[in-house]
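Remarks on the structure that follows.
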Amino acid sequence: MASEVAEETPKPRGGRFCTLCNARRAALKRPKTLEQICKECFYEVFEDEIHRVIVDNNLFRRGERVAIGASGGKDSTVLAYVLSELNRRHDYGLDLFLLSVDEGITGYRDDSLETVKRNEIQYGLPLKVVSYKQLYGWTMDEIVKLIGLKNNCTFCGVFRRQALDRGATLLKVDKLVTGHNADDIAETVLLNILRGDIARLSRCTFITTGEDGPIPRCKPFKYTYEKEIRNLTSASSWWRIYSPNAYRGFAREFIKDLERLRPRAILDIIKSGEDFRISTTTKMPEQGNCERCGYISSQKWCKACVLLEGLNRGLPKMGIGRSRGIDNERNKDVKETNGTKSLESKQCGSLDF
Amino acid sequence: MQLTLEFGGGLELLCESVKIHEVTVDLEAEETKLTMKQLLSWVRTNLIKERPEMFMKGDTVRPGVLVLVNDCDWELSGQLETMLEDKDVVVFISTLHGG
């Protein structure tokens with residue numbers, strides 16, 4: 001890599017010009033195309049690409065109310081900016097809102113909620129914050145106090161996914177958009193393969209999901225490299241305070257390793273995920289609704305209700321993990337009952353897709 | 001040599017939550033320039049207080065850490081071989097965590 005750059009450099013560093021405008025100094029190299037371009041051209045091609053993704057995939061219809069899942073992190077901040085900008089520039093005719101979740105972790109959301117409030121003002125988008133306390137009666141701090149630092153990500157992840165949907169219902173929006181980027185999706189493809197989760201594997205690469213449900217979700221950054229989103233933001237200090245998900249983290253690092261060797265790898269993994277065909281004899285879990293809260297679930301109760309039941313009964317480990325014994329029994333159970341839904345049989349919602 | 005080093009995206013937590021470090025790096029005798037490779041090992045020794053594996057892997061940064069030298073991606077300046085000069089600004093941002 002060094003040899004590519006070292007030759008014919010008048011100045012010691014970054015002597016190359018942008019391959020698009022040929023006028024300014026290149027500041028970054030696009031992972032998709034390996035083009036070396038300047039910041040100004042980068043903003044332009046970045047926004048154009050997102051516009052193309054939105055148009056080519058018919059993500060929105062004129063007049064729709066759209067909630068942007070806003071964590072205060074880089075992805076959703078850039079998404080809020082780009083969507084409000086494109087909505088204006090190309091006259092999509094969308095009503096945009098920011099939707100944030102407050103997990104109730106002391107010190108954790110203070111900064112990020114500040115960022116979201118800043119976005120509210122900067123982009124003129126109305127903001128709605130829903131808290132775990134409001135929705136579930138528990139803050140994450142209270143949950144951690146009860147169950148400790150191990151496994152709390154299960155709670156946080158399951159609750160967050162539903163929180164966005166519930167918040168979106170409160171806002172009466174037609175669609176929910178999230179800032180999931182190409183790296184996130186590639187990672188999820190790998191994880192679903194590693195977990196043998198065929199149902200999610202086939203779903204996780206869709207740019208829009210839940211079209212048959214009340215509020216479809218879409219991911220305008222499906223083809224956008226995380227690295228490029230980072231390029232658009234100044235350093236933001238979003239960081240998981242409680243234990244990071246080790247398994248996911250491992251997949252993440254693997255993807256970053258691959259990217260370093262061959263930047264296209266990320267898009268290729270997404271392509272592989274898209275092109276998977278699942279044999280027609282494979283039994284897929286039925287999608288139904290939670291008997292308790294009505295949320296989509298392939299089980300009798302959705303994962304959030306199982307977790308909440310555990311918390312409220314003082315058995316917080318309920319619904320977390322599974323031992324081999326239980327797993328085997330479960331498989332047997334599924335075969336015998338031939339597709340009837342059984343409680344505890346499957347982790348639901350521990351992924352964000 | 002005086003440098004401004006900035007840590008972001010969570011990396012600041014590895015150096016006592018300080019994001020911006022104005023540092024003076026002493027060069028080996030007879031050297032006038034510093035390479036990124038040398039800087040990284042200097043940073044690891046002098047600034048990183050915990051979990052160095054979150055910052056480095058082998059002799060370079062961990063994949064997923066974005067490095068900017070004077071606002072320019074270090075991929076364009078030769079990565080580890082990038083020559084630094086007095087008053088340069090080097091930014092390290094982790095993209096590994098959080099959205």
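List of remarks:
- Complete set of residues in the stretch A:268-283 that are part of a loop (DSSP other than H, G, I, E, B), in contact with a Ser or Thr (Cβ under 8 Å, 6 or more places away or on another chain) and not β-branched (V, I, T): A:F276
- Which numbered condition A:E85 misses (of (1) within 16 Å of A:G124 (Cα to Cα); (2) within 14 Å of another protein chain (Cβ to nearest Cβ); (3) at pLDDT below 95): (2)
- The set of residues in the stretch A:268-297 being touching a Lys or Arg at 6+ places or on another chain (Cβ under 9 Å) and crowded, with 18+ Cβ neighbours inside 10 Å consists of A:I270, A:P285, A:C290, A:Y295, A:S297.
- Taking the listed residues A:N231, A:N192, the one that is under 24 Å from B:G64 (Cα atoms), in contact with a strand residue (DSSP E or B) (Cβ under 9 Å, 6 or more places away or on another chain) and crowded, with 21+ Cβ neighbours inside 10 Å is A:N231, with no other qualifying.
- Against the test of being crowded, with 21+ Cβ neighbours inside 10 Å, under 21 Å from A:E253 (Cα atoms) and out of contact with any Lys or Arg (no Cβ under 7 Å at 6 or more places or on another chain), the options A:D197, A:D183 yield a single qualifying residue, A:D183.
- Which numbered condition A:Q162 misses (of (1) more than 28 Å from A:K283 (Cβ to Cβ); (2) more than 14 Å from chain B (Cβ to nearest Cβ); (3) open to solvent by less than 10 Å² (accessible area, probe 1.4 Å); (4) among the polar types (S, T, N, Q)): (1)
- The strands (runs of 3 or more DSSP E) falling completely within chain B that include 2 or more residues that are modelled with pLDDT under 90 map to B:65-69, B:88-94.
- Residues satisfying the stated conditions in the stretch B:76-90, i.e. more than 7 Å from chain A (Cβ to nearest Cβ) and β-branched (V, I, T): B:V89, B:V90
Here is a yes/no grid of residues against (1) buried (at least 18 other Cβ atoms within 10 Å of the Cβ); (2) more than 7 Å from chain A (Cβ to nearest Cβ); (3) touching a residue at least 60 places away in the same chain (Cβ under 8 Å):
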position	(1), (2), (3)
B:P52	no, yes, no
B:L66	yes, no, no
B:V69	yes, no, no
B:W74	yes, yes, no
B:F92	yes, yes, yes
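- Residue in the stretch A:97-106 that is without any contact (Cβ under 8 Å) to a residue 40 or more places away in the chain and part of a loop (DSSP other than H, G, I, E, B) present: yes
- A search for C-beta distances below 7 Å between a residue of the stretch A:40-57 that is under 17 Å from A:C18 (Cα atoms) and any residue that is assigned to a helix (DSSP H, G or I), counting only pairs 6+ apart in sequence or on different chains, returns A:F42/A:N231; A:F46/A:E228; A:F46/A:L232.
- Residue match in the stretch B:19-40 (condition: within 22 Å of A:L232 (Cα to Cα), more than 9 Å from chain A (Cβ to nearest Cβ), in contact with a Leu (Cβ under 9 Å, 6 or more places away or on another chain) and exposed (fewer than 15 other Cβ atoms within 10 Å of the Cβ)): yes
- Just one residue in the set A:C348, A:C305 is modelled with pLDDT under 90 and surrounded by 15 or more Cβ atoms within 10 Å (Cβ to Cβ); that residue is A:C348.
- The residues in the stretch A:17-42 that are aliphatic (A, V, I, L, M) and closer than 17 Å to A:R264 by Cβ can be counted, and the count is 2.
The values are calculated or read from the model by the stated rules, or taken from the named source; none is laboratory data. Treat the numbers as computed from the prediction; the structure is a model and nothing was measured. Virtual Cβ from ideal backbone geometry, glycine too; neighbours counted across all protein chains shown. Heads up: the accessible areas ignore ligands, DNA and RNA and are worked out on the full protein's heavy atoms, side chains in. Shrake-Rupley method; radii C 1.70, N 1.55, O 1.52, S 1.80 Å.
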